[in-house]
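Student: The structure's right below; bear with me while I get my questions together.
The values are calculated or read from the model by the stated rules, or taken from the named source; none is laboratory data. Quick caveat, the model's predicted, so the values are computed rather than measured. Glycine also receives a Cβ, built like all others from the backbone with ideal geometry; neighbour counts cover every protein chain displayed. Only protein heavy atoms, including side chains, enter the accessible area calculation; ligands, DNA and RNA are left aside. Shrake-Rupley method; radii C 1.70, N 1.55, O 1.52, S 1.80 Å.
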Amino acid sequence: DVYKRQDFEVGDDYKIQITSVDSAALTTKNEKPFKIIEEYIIVDFPHVQTFDNMDTSRIRPLSEKWEQLDGDDFDWIVLSGPTPSNQYESTGPSADHTSGNGNYVYVEASNPNNPEKTTKMISPKFNLKGVTAPELIFWCHMWSDSNTMGNLYVDIEVDGVLKEGVVHLKDDHGKEWFEVKQDLSQYVGERVRFLFRG
């Protein structure tokens, strides 16, 4: 499932020294050490993320290399069962779309988050080298009884460069989960991550 690229041991005390091939007296070394961290890249497809192995406590960290991003207004929530808005306003889902007993991630689009607040999470990296006809498929539940549904954007990061709004969903889509598919053929051979903005 996951490929760990590790050309060097993980550590925080690395330095680089450059020496001239013509004269060993010509050399330089960086003053401050730098870190080498593990990089996880998903290379086996199809890859399915159900969020079932993630902690449902309302604490910031996600797991399985999904990350909450800094600089936004609130966090995505991993949940099992009904959302608070389902319990009180009957607008959110009552369970996940697969077994009905699993987890899902959600954004509360109601007050106090709508319309000005944003939350962001990003996926691990996926290496699409050698993948034919790749696509991103995910399921959504977007229903509001007062037409105050927020927006969902999916941005794609390709080797650090962000392409915003590849997917943009808004408005009421009814009371049921619905499937969203996005063609990724133009990213074959690239390493990509998916940034979900609610």
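Student: State all residues of the range 80-89 that are at pLDDT 80 or above and either touching a Pro at 6+ places or on another chain (Cβ under 9 Å) or on the phi > 0 side of the Ramachandran plot (or both); if no residue qualifies, say none.
Tutor: Matches in the range 80-89: G81, P82, T83.
Student: While we're on this one: Determine whether F74 is surrounded by fewer than 15 Cβ atoms within 10 Å (Cβ to Cβ), modelled with pLDDT of 85 or more and under 19 Å from the mean Cα position of the chain (by Cα).
Tutor: No: the conditions fail for F74.
Student: Sticking with this structure for a sec: Could you please let me know if D159 is open to solvent by 80 Å² or more (accessible area, probe 1.4 Å), among the acidic types (D, E), out of contact with any Cys (no Cβ under 8 Å at 6 or more places or on another chain) and at pLDDT 95 or above?
Tutor: no
Student: Taking the criterion of being open to solvent by 80 Å² or more (accessible area, probe 1.4 Å), basic (K, R) and outside any loop (DSSP other than H, G, I, E, B), would at least one residue in the range 178-186 satisfy it?
Tutor: Within the range 178-186, one or more residues are open to solvent by 80 Å² or more (accessible area, probe 1.4 Å), basic (K, R) and outside any loop (DSSP other than H, G, I, E, B).
Student: Restricting the range 90-122 to residues that are modelled with pLDDT under 80 and of a type in the set (S, T, Y), which is most open to solvent (accessible area, probe 1.4 Å)?
Tutor: Filtering first and then ranking leaves S90.
Results for (1) at pLDDT 90 or above; (2) hydroxyl-bearing (S, T, Y); (3) part of a strand (DSSP E or B); (4) open to solvent by less than 70 Å² (accessible area, probe 1.4 Å), shown as yes or no for each residue.
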residue	(1), (2), (3), (4)
Y3	no, yes, yes, no
E9	no, no, no, no
I18	no, no, yes, no
V21	no, no, no, no
A24	no, no, no, no
I41	no, no, yes, yes
T50	yes, yes, no, yes
M54	no, no, no, yes
L62	no, no, no, yes
